[in-house]
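One structure is given below, encoded as C-alpha cells.
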Protein chains: 2
Amino acid sequence: MKTENNSSIFPLGNIGSSEWFSGEVHVQGLVAPEQMENLYNVGQVTFSPGGRTRWHTHPIGQVLLVTEGRGWYQEWEKPAQELIKGSVVAIPKDVSHWHGAAADSQMVHIAISNVKDGSNVTWGSPVTDEEYGAVDH
Amino acid sequence: MKTENNSSIFPLGNIGSSEWFSGEVHVQGLVAPEQMENLYNVGQVTFSPGGRTRWHTHPIGQVLLVTEGRGWYQEWEKPAQELIKGSVVAIPKDVSHWHGAAADSQMVHIAISNVKDGSNVTWGSPVTDEEYGAVDH
C-alpha cells in the first residue's frame, strides 16, 4: 500500500534567494554554524516542481538526504542522477554541481555541510532552462 | 487529519551493538567518513520503545534530527528534554549524554557528527533502568 505523505518533518521555512536558486525554493535552517563549533551547517530545502539551485561548490563537500518527492543531482559535465525519497548523495569538495526538483514533482532534502574559513558554499551561474531541459525531458 | 506513517525514509539497518545501546536499536549508516573528507559521519538510528544509547560523548559534537516517534535526550546532571518528530538537538562537544525512545513509543533520528583523530564518539556506561525510569515514568 502506498500512501501520500505531504507533512514534511520540519517547517517549510522561507523563500530562498534568487541569487542561489531558480523557481520556488524554500529553506529552513536547522543548525547554524555558530551553534556548533563554527562547523556544522544543516538545513531542509523544499524545491517546488522545476525549482533548483544554481551551479555551486562546497569547500568541504555536502551530504544530501532526500526525504520526499523526486528530483535530480548533476555534477559538471556528468550525467544527472535521479533522486527519490531515501536517496543519499555525498558531494565531493570543490566539484561544481546542482540539485533540484523534477519538472512534475516537488523534492525535499536535508543538506549537511561543513564550514571552512567562514563559508560552506560558493555560488555560480543559474542552471539554464536548456541545461535543466536536457536532464528532465 | 493525522495519519500514521510507519514507512521510514531509510532502511532499518542492522541491530546496534550492546556495547553502545540498551534494548532493541537498529542502525543504518548513510555516509561513512572515508567517503567524505574523513570527516562526515551520518546515519539513521531506530530505537524500539525503551531502547537507548549508553552515556557517551562526541569530540566535535553531534546533531540529531528526529524524523519519527517520541523519545528523550539528556545531558549529564541536567533535566531530560522530550523529543518528537521535527525536534533538532545540537549536542556540544565532550558533554556526556544519552538519547533514546520513550517507553511507549519508538523513535527514529538522523545523527550527524564529525570525526576527530579517527573517532566520532566515546562510549561510557549503560543508562540504568533507574536513570531511565527517572526520566520516563
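Nothing in this text is a laboratory measurement; each read-out follows from the coordinates by a stated rule. Worth saying up front: this structure is predicted, and the values here are computed from it rather than measured. So basically every Cβ, Gly included, is an ideal-geometry build from the backbone, and we count neighbours across all protein chains shown.
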Which Cα, out of A:GLN35, A:GLY50, A:SER22, lies furthest along the positive dipole direction of region A:1-88 (beta carbon charges, K/R +1, D/E -1)? A:GLY50
Taking R0 as 22 Å and r as the Cβ-Cβ distance between A:GLU34 and A:LYS93, the FRET efficiency 1/(1 + (r/R0)^6), rounded to the nearest 0.05, comes to 0.50
What FRET efficiency comes out for B:ASP129 versus B:ASP104 if R0 is 22 angstrom and r is the Cβ-Cβ distance? Round to the nearest 0.05. 0.90
How far is A:TRP20 from the same spot in each other copy, in nm, shortest first, if each label point sits 7 Å from Cα toward Cβ? 3.1
Neighbourhood charge, 12 Å Cβ-Cβ cut-off, centred on B:PRO59 and excluding it, Lys, Arg +1 and Asp, Glu -1: -1
From the label point of A:GLY86, set 7 Å along Cα to the beta carbon, how far off in nm is each other copy's matching point, shortest first? 2.6
With each run of n ≥ 4 DSSP H residues scored as -39500 (n - 2.57), what mean residue ellipticity at 222 nm is computed for chain B after dividing by its residue count and rounding to the nearest 500 deg cm²/dmol? -1500 deg cm²/dmol
Calculated FRET value between B:ILE84 and A:ILE84, using beta carbons and R₀ = 35 Å, to 0.05: 0.85
Using 22 Å as the Cα-Cα cut-off, could you pick out the over-long pairs in A:LYS93/A:LYS116; B:LYS93/B:LYS116; A:LYS85/B:LYS85? none
Say a label goes 7 Å from Cα toward Cβ at B:GLY124 in every copy; what distances in nm does this one have to the rest, shortest first? 4.7
Give me the aspartates and glutamates in straight-line cross-link reach of B:LYS78: C-alpha distance below 18 Å, same-chain residues under 8 apart excluded. B:ASP94, B:ASP129, B:GLU130, B:GLU131, B:ASP136
What fraction, in whole percent, of alpha-carbon pairs in the protein assembly as shown exceed 28 Å separation? 36 percent
If I build a Gaussian network model for chain B, linking alpha-carbon pairs within less than 10 angstrom, which residue out of B:VAL45, B:VAL63, B:VAL108 has the largest mean-square fluctuation? B:VAL63
Coordinate range along principal axes, alpha carbons of chain A, Å, largest first: 41, 35, 25
I'd like the distance separating the alpha-carbon centroids of region B:89-129 and region A:31-73, in whole Å. 23 Å
